[in-house]
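Colleague: After the structure tokens below, expect a handful of questions from me.
The values are calculated or read from the model by the stated rules, or taken from the named source; none is laboratory data. On a predicted model such as this, the values are computed, not experimentally measured, just so you know. Cβ atoms come from the backbone with ideal geometry, glycine included; neighbour counts cover every protein chain shown.
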Amino acid sequence: MPNLISFTPGAMLAGRRAVVTGGAAGIGAAVARAFAAHGADVLVADIEPIGSLEFDIAAGGSITSVEWDVRATSCPSALVGHRPDVLVNNVGHYLQPPHTFATNTPSLWDELHEINFAHVLRLAQALLPGMTERRDGSIINLTTVEAHRAIPGHAVYSGYKAALTQFTRSLAMEVGPSGIRVNAIAPDLIESVQVPYATLVPEEDRELWPTWSPLGGPGQPEDVAGAALFLASDLSRFVTGGTIHVDGGTHAAGGWVPRRSGGWTNRPRNP
């Protein structure tokens, strides 16, 4: 192994290239900004325009974008041509409010498969040859706490996220000898475009955050970006096949509780 240089002061991703899917807003945008602020040349792949993603330019990083719907069966040449050292598979979505599995349709299963799992396989396979050639790379897959615990009403979504977690482990075994690391991040209670806690949680309930998460909350996209920065950098050079839980401790603390009125919640009002 190389000499220990991980703790040398300075930009942690200087000279690196990264691809971040779904980087126009929320967690993906926070990851792109953090990487660029640490010197990486970041290519954001998103179906939406990225607008202006501000970051500290002192380290010489950059952010550019390519329009891409991850459900497309082909990978844009721009992503392969970027020759990334780091790939962040950030895109994922449960697509609808909670519905029982019995009311799901096969077409929904297909949509959930494409948006949560299939595109990760396609993109990883397209970019792995370049990483293997350079014998260096870090793949970071965004899963969810629901890959590790139940989520009533989203059985198929959680199933695909669990599959992504296991894919992360197994791929890490395969590509480790080529110098490539593969890890996952499982967020929960993070303010995001899909789950905007600032509007979901009424003012009168916000004092309950300490009962929903040991660290209170909600967490911010930058909290996930910090974990991604660690996994992309040499600080995690001996870390692979693992999952970092960025959830304020909810995975460690517990899960869902039934409402007296029916249904389930992970934010009880009367714990």
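Colleague: Just to be sure, is L215 hydrophobic (A, V, I, L, M, F, W, C) and part of a loop (DSSP other than H, G, I, E, B)?
Modeller: Spelling it out, L215 is indeed hydrophobic (A, V, I, L, M, F, W, C) and part of a loop (DSSP other than H, G, I, E, B).
Colleague: Here's another thing I want to ask about it. Considering each residue of the stretch 187-209, count those that are in a loop (DSSP other than H, G, I, E, B) and either without any contact (Cβ under 8 Å) to a residue 12 or more places away in the chain or of a type in the set (D, E, K, R) (or both), and give that number.
Modeller: 5
Colleague: Looking at the stretch 132-147 only, could you name the residues that are part of a helix (DSSP H, G or I) and surrounded by 16 or more Cβ atoms within 10 Å (Cβ to Cβ)?
Modeller: V145, E146, A147
Colleague: Do you know which residues across the stretch 48-91 are surrounded by fewer than 18 Cβ atoms within 10 Å (Cβ to Cβ), among the β-branched types (V, I, T) and at pLDDT 95 or above?
Modeller: T64, V66, V80
Colleague: Looking only at residues in the stretch 245-268 that are under 22 Å from the mean Cα position of the chain (by Cα) and among the polar types (S, T, N, Q), which one is farthest from A186 (Cα to Cα)?
Modeller: That would be N266.
Colleague: Tell me the strands (runs of 3 or more DSSP E) entirely within the stretch 17-131 that contain at least 3 residues that are out of contact with any Gly (no Cβ under 9 Å at 6 or more places or on another chain), within 26 Å of N266 (Cα to Cα) and touching a residue at least 12 places away in the same chain (Cβ under 8 Å).
Modeller: Qualifying strands (runs of 3 or more DSSP E): none found.
Colleague: State the number of residues belonging to the stretch 164-185 that are surrounded by 17 or more Cβ atoms within 10 Å (Cβ to Cβ) and of a type in the set (G, A, S).
Modeller: Within the stretch 164-185, residues that are surrounded by 17 or more Cβ atoms within 10 Å (Cβ to Cβ) and of a type in the set (G, A, S) number 2.
Colleague: What is the number of the single condition among (1) closer than 21 Å to Y157 by Cβ; (2) in contact with a Leu (Cβ under 8 Å, 6 or more places away or on another chain); (3) at pLDDT 95 or above that Q96 does not meet?
Modeller: Only one criterion in (1) closer than 21 Å to Y157 by Cβ; (2) in contact with a Leu (Cβ under 8 Å, 6 or more places away or on another chain); (3) at pLDDT 95 or above is unmet by Q96, namely (3).
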